[in-house]
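What follows is one structure encoded as structure tokens, with my remarks underneath.
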Amino acid sequence: MRFTSHRDFARALERALRRADVPIAYSSGFHPHPRVSYLSAAPTGVASEAEYAELALRDTADPVGIGAALDRALPPGLDIGEAVTAHTGGFADRLEASSWRVELGGVTPDRLAAAVETFLAHDEVLVTRLTKKGNRRFDARAAVVSAASTPVAGVDEPAYAILDLVVRQVTPAVRPDDVLSGLSLVADLELPVPPRVTRLAQGPLAASGDITDPLEADRRAPADRH
């Protein structure tokens, strides 16, 4: 499923909304579309356990029932973790940072730890990414809240390391592959095989550097608030 594009996911969700008979609201005009907002979607090639979408409904509905119906209607691998009634606004603004796990084959934990230390010691690491508008150069270091080589348990391969990242969601977006480009640039970290990247969480960034639950405000809000 990590190779499913955002467009493919959007199509799958819209089909699931019809199959599950969700009372979704539609936009006005000659070509109405379901009123669904996708927030900070993960890039193609990346798995995720923390994607969010906002649905505008025509009628009040039980979020638990909506979530269960959608989960049954979606294809395997696209799973609804939780559905919550929105009692507050500005949800997109709460997605301040993401937590990423990057699995690196062919790299030892000690080599990764040394590269991370070098990267974090820099105030600025300029990398280049090819975009639709051509090459764009930006700082991959400033957005990184934390980076660490995590010990690996239960893996027999000595040349296998895990990079845990917390990255602020800024413009232009700094993605895990940009951090890996930075590690290659300042610490000569070469990757013999492509990395496996998973987004573990996204939400408000606490002073401790941890990511907190973006749904908590709505989960705690009184049921009669709209």
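The values are calculated or read from the model by the stated rules, or taken from the named source; none is laboratory data. None of these values were measured; they are calculated from a predicted model. With ideal geometry, Cβ positions are generated from the backbone for all residues, glycine too; neighbour counts draw on all protein chains shown. Surface areas here come from the heavy atoms of the whole protein model, side chains and all, with no ligands, DNA or RNA. Shrake-Rupley method; radii C 1.70, N 1.55, O 1.52, S 1.80 Å.
The table below gives the values:
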read-out	value
Selection count where residues are open to solvent by 60 Å² or more (accessible area, probe 1.4 Å), without any contact (Cβ under 8 Å) to a residue 40 or more places away in the chain and either among the basic types (K, R) or out of contact with any strand residue (DSSP E or B) (no Cβ under 6 Å at 6 or more places or on another chain) (or both), scope the range 128-153	7
Check on R136, modelled with pLDDT of 90 or more and not hydrophobic (A, V, I, L, M, F, W, C)	no
Subset of the range 178-222 [outside any loop (DSSP other than H, G, I, E, B), open to solvent by 50 Å² or more (accessible area, probe 1.4 Å) and under 25 Å from G45 (Cα atoms)]	S181, L185, R196, L200
The range 38-63 residues that are under 16 Å from H6 (Cβ atoms), paired with ones that are acidic (D, E) and exposed (fewer than 15 other Cβ atoms within 10 Å of the Cβ) (beta carbon under 8 Å, 6 or more apart)	L39/E54
Residue within the range 9-23 that is surrounded by 14 or more Cβ atoms within 10 Å (Cβ to Cβ), small (G, A, S) and not in a helix (DSSP H, G or I) present	yes
Cross-chain or 6+ apart pairs with Cβ under 6 Å, the range 112-127 first and outside any helix (DSSP H, G or I), then modelled with pLDDT of 95 or more and of a type in the set (S, T, N, Q)	V127/S181
Number of the condition not met by L74 [criteria: (1) under 30 Å from D178 (Cα atoms); (2) of a type outside the set (D, E); (3) surrounded by 13 or more Cβ atoms within 10 Å (Cβ to Cβ); (4) touching a residue at least 60 places away in the same chain (Cβ under 8 Å)]	(1)
Selection within the range 48-90 - of a type outside the set (D, E), in a loop (DSSP other than H, G, I, E, B) and in contact with a strand residue (DSSP E or B) (Cβ under 8 Å, 6 or more places away or on another chain)	A50, A56, R58, A86
Unique match (being touching a residue at least 60 places away in the same chain (Cβ under 8 Å) and within 30 Å of P63 (Cβ to Cβ)) among P195, P204, P176	P204
